[in-house]
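What follows is one structure encoded as structure tokens, with my remarks underneath.
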Amino acid sequence: MLLSRYLHLNKGRERGPGSVLDRSAYILLSRVRMEGPMSIGQLGEAFRLDASTLNRQTAAAMRAGLVERIPDPEGGMARKFRITQEGARQLERERARIIAGLDRIMADWPDADIAAFAGFLRRFNSGIERIHGLPWPRPRAATPTPPT
């Protein structure tokens, strides 16, 4: 609860001018960046959201220049959404802002505690994914490094 509250209270405080990423855009961009171009149907399966919600989210992301609609690279009928260079830039900027906030919280934590917390959080998230059957894609060699 406190983590959610912290993220909510600090949502707009540290963003610079021109930041356009809200929570839904951050999650959408993160998923498309990890999996590659995705259709509305694939996004719906991944997030268990209806097409109208995803149409609103992807339309907003397109207006902001964060994603673009492209033909299916595998030749399918559905058009897919691909992250743009601007989308990747905004995603990295938001991710860096989040990491900086976590760095402040854990500034006086020993590295062993940070590693243990990361391990427990990974295990917790994997448990949620297992129960709901919605695994989140991760880079193959993703080993978190403790914040400095």
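Look at the stretch 72-101: where a residue is within 24 Å of G44 (Cα to Cα) and a partner is open to solvent by less than 90 Å² (accessible area, probe 1.4 Å) and among the basic types (K, R), sitting 6+ places away or on another chain with Cβ atoms under 6 Å, you get D72/K80.
For the stretch 32-43, the count of residues that are surrounded by fewer than 13 Cβ atoms within 10 Å (Cβ to Cβ), touching a helix residue (DSSP H, G or I) at 6+ places or on another chain (Cβ under 7 Å) and of a type in the set (A, V, I, L, M, F, W, C) is zero.
Taking residues in the stretch 37-52 that are on the phi > 0 side of the Ramachandran plot, and partners anywhere that are modelled with pLDDT of 90 or more and open to solvent by 30 Å² or more (accessible area, probe 1.4 Å), not one pair has Cβ atoms closer than 6 Å while being at least 6 places apart or on different chains. Go through (1) in a helix (DSSP H, G or I); (2) modelled with pLDDT of 95 or more; (3) open to solvent by 60 Å² or more (accessible area, probe 1.4 Å) one by one and return the number of the condition A88 breaks. With respect to (1) in a helix (DSSP H, G or I); (2) modelled with pLDDT of 95 or more; (3) open to solvent by 60 Å² or more (accessible area, probe 1.4 Å), A88 is out only on (3).
Scanning the stretch 106-125 for residues that are free of Cβ contacts under 8 Å to residues at least 12 places away in the same chain and either in contact with a strand residue (DSSP E or B) (Cβ under 9 Å, 6 or more places away or on another chain) or part of a helix (DSSP H, G or I) (or both) returns A112, D113, A116, F117, G119, F120, L121, R123, F124, N125.
The values are calculated or read from the model by the stated rules, or taken from the named source; none is laboratory data. Model, not experiment: these values are computed from the prediction. All Cβ positions, glycine included, derive from the backbone under ideal geometry; neighbour counts span all protein chains shown. Accessible surface is based on the protein model in full, side chains and every heavy atom, while ligands, DNA and RNA are left aside. Shrake-Rupley method; radii C 1.70, N 1.55, O 1.52, S 1.80 Å.
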